[in-house]
1. What shape does region A:55-191 have by the C-alpha gyration tensor, where a ≥ b ≥ c are the square roots of the eigenvalues, rounded means a/c under 1.5, and otherwise prolate means a/b greater than b/c and oblate the rest?
2. Placing +1 at every Lys and Arg Cβ and -1 at every Asp and Glu Cβ, with all other atoms neutral, what dipole size does the protein assembly as shown have around its Cα centre, in debye to the nearest 20?
3. Determine the relative contact order of region A:352-424: mean sequence separation of Cα pairs under 8 Å and six or more apart, normalised by residue count, in whole percent.
4. Just add up the charged neighbours of A:HIS197: K/R +1, D/E -1, any other residue whose Cβ is under 12 Å from the Cβ of A:HIS197.
5. Per residue of B:156-168, how many C-beta atoms from partner chains lie within 10 Å of its own C-beta, taken as a mean?
6. Any idea how far the Cα center of region B:1-72 sits from the one of region A:106-120, in Å?
7. Can you tell me which of B:SER61, B:SER211, B:SER71 moves the most in a GNM of chain B? Springs connect C-alpha atoms under 10 Å apart.
8. Treat each spin label as a single point 7 Å out from the Cα along the C-beta direction, and report the B:VAL130 to B:ASN187 distance in nm.
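The values are calculated or read from the model by the stated rules, or taken from the named source; none is laboratory data. Since we're looking at a predicted model, the values are computed, not measured. No Cβ is skipped: glycine too gets one built from the backbone with ideal geometry, and neighbour counts run over all protein chains shown. Protein only, heavy atoms only, side chains kept; ligands, DNA and RNA dropped before computing areas. Shrake-Rupley method; radii C 1.70, N 1.55, O 1.52, S 1.80 Å.
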Amino acid sequence: MLEAPPAPFPLLSAHALSKRFPGVVAVDNVSLELRAGEVHALLGENGAGKTTLISMLYGLVPPDEGYVSLFGEPVRLRAPKDAIARGVGLVAQHFMLVSRHTVAENIALGLPGTPFFRPTRRLKRRILELGKRYGLNVDPNAYVYELSAGEQQRVEIMKALVRNAKILILDEPTGVLTPQEADGLFEVVRRMKGEGHGVIFITHKLGEVLDVADRITVLRKGAVVGTLPREGADATTLARMMIGRDVVLSRVASAPPRPGLVLELSGVSARNDRGVVVLKDISFRLREGEILGVAGVAGNGQLELAEVLTGHRHVTAGSVSLAGRELGRASIRETFERGVAHIPEERNGVGVVPGLSVGENLALRHYRYPPFSRGGLLNAAATQRFAEASVREYGVSTPSLQTRTGRLSGGNIQKLVLARELSERPGGAVKLVVAAHPTYGLDIGATEQTHRMLVGERDRGAGVLLISEDLEELFRLSHRIIVMFGGKVMGIVEAEGADRGLVGLMMAGGTPKGTYA
Amino acid sequence: MELESWLVSTVARSLAFSTPLLWAALGEIYAERSGVVNLGVEGMMILGAIAGFMAAQTTGSPLLGIVAAASVGGLAGLLHAFIAITLRADQYVSGLALTILGLGLAGLVGRAYVGVPLSNPMQAVTVPGVTSLPVVGPALFTGQHLLTYAGLIVAVLLSVLLFTTRLGVVIRSAGESPAATDALGINVIKVRYLCVVFGGVMAGIAGAYLSLAYRPSWTEGMTAGMGWIALAIVIFAAWRPVRAIFAAFIFGACFHLAFRLQEVFPPEFLQMLPYLVTILSLTLIALGRGGRQAGAPAALGVPYTRGER
């Protein structure tokens, strides 16, 4: 393997770190080095051990074996503050910010050397200074709750810089960003590199790694598969290392949609629970045998759109027509009976009742219809037969039908939801599948199965509305893609040969001319 | 003239009555700002009242009475802190238990003192130089107790501390986002203990005001639900110490007017008044669009456990 000439000492090195949790080896004998002026990407699937590894580097979790050195010196990190004091900064996936405080207050919190009275007064100038130097635009007087995810992330980075972090760990930093915001982040990372910082960049997105990393360490099942310099890496190699076999990143072949309309929305508006208008004049059509992707950064109306189609929320204006019939104020149960399958965003809690058994969760939609119940009495045998068949057909891996659903893995819970939602119902087969982030947090195997199921429904002639933040997924599966921003449809593009930059632009609220299909 | 004297005495008595409410509410504001709700205010107050009375009666010093009341209130707060923070038990249940415990314990200990007047009560003071002001002079600056003025000053100081100092940021952060606070190396548990114990100290002083100054004697159940009103004031004041001054005054006035207007209105209705105002104010606040600034601390009532992340 090619190696760049080593710097005098690495900023950070992990020496044979291992961490076990009951039943699993989360991190297995991992060694790693971060040099000054380097971006070191940690690439791996969900569950590959990336998060546990950085928890050890940041003092959140003590390693069972091995140790960490900072600036060439072995250290014992008992708590994050030890790591912070030695120049390590972490930007976690879930931001650690006090949303009702100002940016400056958040940065001042726990910062040594701040004056007792008006602790933020000298800090503000420093924030602006550092902001200029690193291209980090943050307003110290803004309240955090007013900020977008990208801006909040900049505050987190600023927090680390103000504390003189030489080492910055970014955990899945682009998950919440628009492509443009992600580019902004990469620019900041490059400037930090130029100033001699070292950055550990954790991700499962191949494209980003190739964009920003100098070296790449691939993790699989807690162990290092290999470390490559950027020059020696390409997407196919990395994907193979990450997954352990070749994966197809190309588009899933599909027949063109059929002429029949499954769904037609015209001028639909809706309010959220706080009364704010979150869907504005939405119009689109979905045909039989079509997968229509919905792209957008979280919180731009996708959730409410799914709710409107599944009876969880009623429109305030416009009309929704399902297979030629007005949806009106149909209840959740009515939408189910009329052929809507709902794969909700929140698997635990909305998708299943974690405290109920696997069998009970599978019967949650059907229990009231014959043969599952008659005259108000449940028929255990019919439920059992249905559950057994579902578990077998969808490959739900569960110790028994009586197992608490909450004990299953995310992938198995999703299979259970799919089994229940895609099943026949009194009104006939599924006509419309509303899938919100159906593969979020799933491993490759479960993701592929979910995709197969959605494609199967499509081929059967159902319409699929696929809401996702994963652009790869959208481009692979969809015929067309709607881009939502601020509750509006910014544009609809054909997925085949679409310009991803354009989609990114629309996700950020830009309006291209002449793309409305 | 008659109206003026009526006004003067109403304002004066309302202010006197608002004093224990203010002290107790200020303490609870700090506890809740740090993320711990304590429904034991009533219990801590009554423990303060009996402890203060006993100490003052035994030593003859009202000052020692206040110190005793503050200490006992602080100990009661420490008990709640241990149960709610260290054991992570349900804060509401623990607080309710503290109130029941306090009322019972105070009644038991205080049996020997029922009906005995305090031999050396706190004396009312007159603020020199301003008593000659019309209406305001006699209403606000004559015949009040030191604790009344101290309460106002403490409220302002606590406001400054909470909003303009490093410690204030830490306390508010602990109540808003303990995980973020912990991640920056601040001991959330310690901050919360400190604030809950402080809340107990303040409630104890509030109780001492009742048994040493307002009505220098001991009666079982003499706090008469003021601890609960203090909890309502905390919400009414939107967890802001200076607003608590006005909130406490409004509630104090309600209590006083219930007593004063007995001849005009049926007393049953008037006795409802403070509670009615409480319900009404809570409803109005819930309906109002105060923005996210006006709400309760985000982590209020949630025990903090350092998780994986």
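1. On the way: a/c = 1.79, a/b = 1.30, b/c = 1.38.
Oblate is the answer for region A:55-191, as a/c is 1.5 or above yet b/c matches or exceeds a/b.
2. With only Lys, Arg, Asp and Glu charged at Cβ, the dipole is about 500 debye.
3. Details: 87 pairs, mean separation 31.5, N = 73.
About 43 percent, as a whole number.
4. Values: positive: A:ARG35, A:ARG133, A:LYS166, A:ARG190, A:ARG191, A:LYS193; negative: A:GLU38, A:GLU195.
Net charge in that neighbourhood comes out at +4.
5. Whole-number average of other-chain Cβ neighbours for B:156-168 is 3.
6. Each part reduced to its Cα centre gives a spacing of 34 Å.
7. B:SER61
8. Roughly 4.1 nm, to one decimal.
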